[in-house]
1. Exposure proxy check: Ser105, Ser137, Ser110 ranked by fewest other beta carbons within 10 Å?
2. Among 122-128, 94-100, 19-25, what's the highest-first ranking by average C-beta atoms within 10 angstrom per residue?
3. Just add up the charged neighbours of Arg60: K/R +1, D/E -1, any other residue whose Cβ is under 13 Å from the Cβ of Arg60.
4. Distance in nm between label sites at Asn64 and Leu94, each 7 Å beyond Cα in the beta-carbon direction?
5. Under the rule of at least 5 residues apart or a separate chain, name every residue whose amide H is placed under 5 Å from the amide H of Gln107.
6. Val41: net charge of surrounding residues, Cβ under 10 Å, Lys/Arg +1, Asp/Glu -1, itself excluded?
7. Hey, got a sec? Which trypsin sites (Lys or Arg not before Pro) in the range 41-89 land in a DSSP loop and have at most 16 other Cβ atoms within 10 Å?
8. When the C-alpha atoms of the chain are aligned to their principal axes, what extent does each axis show, in angstrom, from largest down?
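Taken together, the values in this text are just the output of simple stated rules run on the coordinates, not laboratory data. Since the structure is predicted, the reported quantities are computational estimates derived from the model, not experimental observations. Because the Cβ atoms are built from the backbone with ideal geometry, glycine has one as well, and the counts that use them run over all protein chains shown.
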Amino acid sequence: MYIFKQPRIGGEVNCHQDSTFLYTEPNAVAGLWFALEDATVDNGCLWAIQGGHHAGLKSRWVRNPAGGMKFINLSAKDWTMDRLVPLEVTKGTLIVLHGLLPHLSRQNTSPRSRHAYTLHVISGDVDYADDNWLQRSSDFPARGF
C-alpha cells in the first residue's frame, strides 16, 4: 500500500494489529513499513504499544458466511494506550512490525506530507485461514516456497 498523508489533512489510522486482517496458524505475519519521507509526531508517524505483541490477538476481520465482512472479538481486554511510543524515523528507514503488535498513526497536523509504503509478508509454511477477508482467486492459487 502506498500511504499518502497530506499536509494538515492526512487522517488518523486507528490502533490495530496486522494479524487481525491476515490471520495465520501459527502467527507468521510481519509488516514492512518504509518511510518515503521523514515521519514525525507532527506529520503522523507510527506509534506502537511497547510489548503489546505479547498480549495476543484482539480480533479478526473475517468473511461473513451471510455475506460481507465482520469482526470477531477474541479478547475483551483493551489495549494500554498509555504505553504507546512514537516511532519517529527519517526518510529511507524500514520499520518491521510483528503481526500482533498494536500500532496506529495519528493525523498529520503539520504543513509537511508524510508518505510511506507498506508491505505485509507471510511465511509459506503456515496455514492461511479460509475465512480471511483477503483470498486469492482459484485461478491464482497461493504457492508455498
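1. Placing the least packed residue first, the sequence is Ser137, Ser110, Ser105.
2. Numbers: 122-128: 13.9, 94-100: 16.7, 19-25: 19.7.
Ranking the peptides 122-128, 94-100, 19-25 by packing returns 19-25, 94-100, 122-128.
3. Numbers: positive: Lys58, Arg63, Lys70; negative: Asp18, Glu25, Asp130, Asp131.
It works out to a net charge of -1.
4. 3.9
5. So Gln107 has HN proximity to Glu12.
6. Details: positive: Arg106; negative: Asp42, Glu88.
Net of charged neighbours comes to -1.
7. Working: sites: Lys58, Arg60, Arg63, Lys70, Lys77, Arg83; in loops: Lys58, Lys77.
Passing both the DSSP loop test and the Cβ count: Lys77.
8. On the principal axes, the chain reaches 45, 36, 29 Å in Cα extent.
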